[in-house]
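Participant: Please find one structure pasted underneath; my questions will follow.
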Amino acid sequence: EGYCSPSGPIEHTSCAYETIEAVNTELFPKIHELVEHPFFRYYKVDLFRECPFWQENGFCMNRACSVEETEEDGPSSCYFRDDDFCFIEDDSTPDGQYIDLTLNPERFTGYAGDSSHAVWRAIYKENCFGLSEAGFASTAGRPAAKEQLASAVVGAGGFSTPNENGWGFSKLSEGWGTEMVKSASAETCEEKKLYYRVISGLHASISIHICADYLDTTTGEWKPNLQCFVNRLATHPERLSNVYFNAVLVLRAIARAAPYFRAYDVGVAPRTAISAKDSCSTTAGDKATRSLLDEVLSITERSDIASGFDEAAFFQGPDAPILKEQFKTHFRNVSRIMDCVGCDKCRLWGKLQVSGIGTALKILFALDSKQLDPKRNPDLLQRSEVVALFNTLHRISESLNSVEDFRQIYAATQLAE
Ligand code: FAD
């Protein structure tokens, strides 16, 4: 009721920032619990594929970069089907290993510098239809962080109350993001802007997780790092806006396929991955997973969210089939670029989220309601796609939750001064 207020719509959607924040307050505790259930917690991924684009020497040797594995489950191959927007880690193939995601939180790892920049550059520059040309080269004109800090975090209209520009302080940032999209908009179609927003939103969400769970190397303590958040996010409101956008996109995709997920067997976690404790409690566990999933689905189906994004507005023009193909190719390339990430844990979450967003895009743009009918098409989505999709929603939801935490941390520092 009244969640989607007419003010402050997120660009490309008819949903307001406030709507997403209100929804997230309800969603976060539930999705946070859901991804701990066995079905959603084990993700099969091949972390040993070679980088197909360049020789990757930048392997991160920090302990924080390593991944805790569950049981090994043999050799395999990867493939994609025609509808797929990314390479799917297939449960039925023998390659890869099951990872217990709860043992490997996405957080600061120390992976940085040339290797990580090369990956981001490749994703933006080579695969973003040229939208991010100005990107890495342009740091000139970046606001002097210190002076802009207070106004950026609080914002002209308040950090927590985005105005009609979205955030009320978007003029503060230079370089990447909105400015680029705006300058390119004259000749850039909506689909290309959508693509850029999705990537930038993913990048921003990863940055939020890094800042929210940061290692203080002097004390050895893991804790939120406000300065990190200010530097990477708060002074770049368009990046934050793109995280909200991804929230709308993924929520809408899940809502669209809700009948399909209601019929999905979420009692089955892969045998090889289930620990003895989890497998003993399968029947009770199944019911709990089912009812929690139903609650999450009901949230995504609320009318204010469901009507917040109109997938039918994209890929409609005369060159729609070509654009769709380009979109898919670019997105598949991004999933292959993930094999060039020189830090196992970053690669794990990078792959999972690209797969999750790829699954969302597939549901929105490649499947019609007949195809999404669970009776006609029960095998439409593989387990790994479902796991990736819901964990990606969890990543985004947790990011938005952290943004709220950072607002409070900032407010506390202001009071203390
Ligand atoms: P980067 O984040 O590397 O950004 C490089 C440039 O991109 C910036 O200078 C800016 O111009 C532009 N940019 C930044 N954000 C955006 C945005 N949202 N939209 C548009 N443009 C933007 N590190 C960890 O500690 N933990 C992780 O889990 C982790 N996961 C990663 C996953 C992937 C797939 C990759 C490629 C890297 C990952 N990293 C991770 C590394 C991390 O993303 C950064 O590269 C690293 O922290 C260095 O940050 P930076 O400040 O140099 O800027």
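The values are calculated or read from the model by the stated rules, or taken from the named source; none is laboratory data. Model, not experiment: these values are computed from the prediction. Positions of Cβ are generated from backbone atoms using ideal geometry, with glycine treated the same way; all protein chains shown enter the neighbour counts.
Participant: What is the number of the single condition among (1) within 18 Å of the chain's Cα centre (by Cα); (2) at pLDDT 90 or above that Glu11 does not meet?
Facilitator: It fails just one condition, (2).
Participant: Suppose we keep only residues that are at pLDDT 95 or above and more than 9 Å from the ligand (Cβ to nearest atom) within segment 192-212. Which one would you say is farthest from Thr235 (Cα to Cα)?
Facilitator: Ala212
Participant: Within segment 214-227, can one find any residue that is within 15 Å of Phe108 (Cα to Cα), at pLDDT below 90, surrounded by fewer than 20 Cβ atoms within 10 Å (Cβ to Cβ) and within 16 Å of the ligand (Cβ to nearest atom)?
Facilitator: Checked segment 214-227: at least one residue is within 15 Å of Phe108 (Cα to Cα), at pLDDT below 90, surrounded by fewer than 20 Cβ atoms within 10 Å (Cβ to Cβ) and within 16 Å of the ligand (Cβ to nearest atom).
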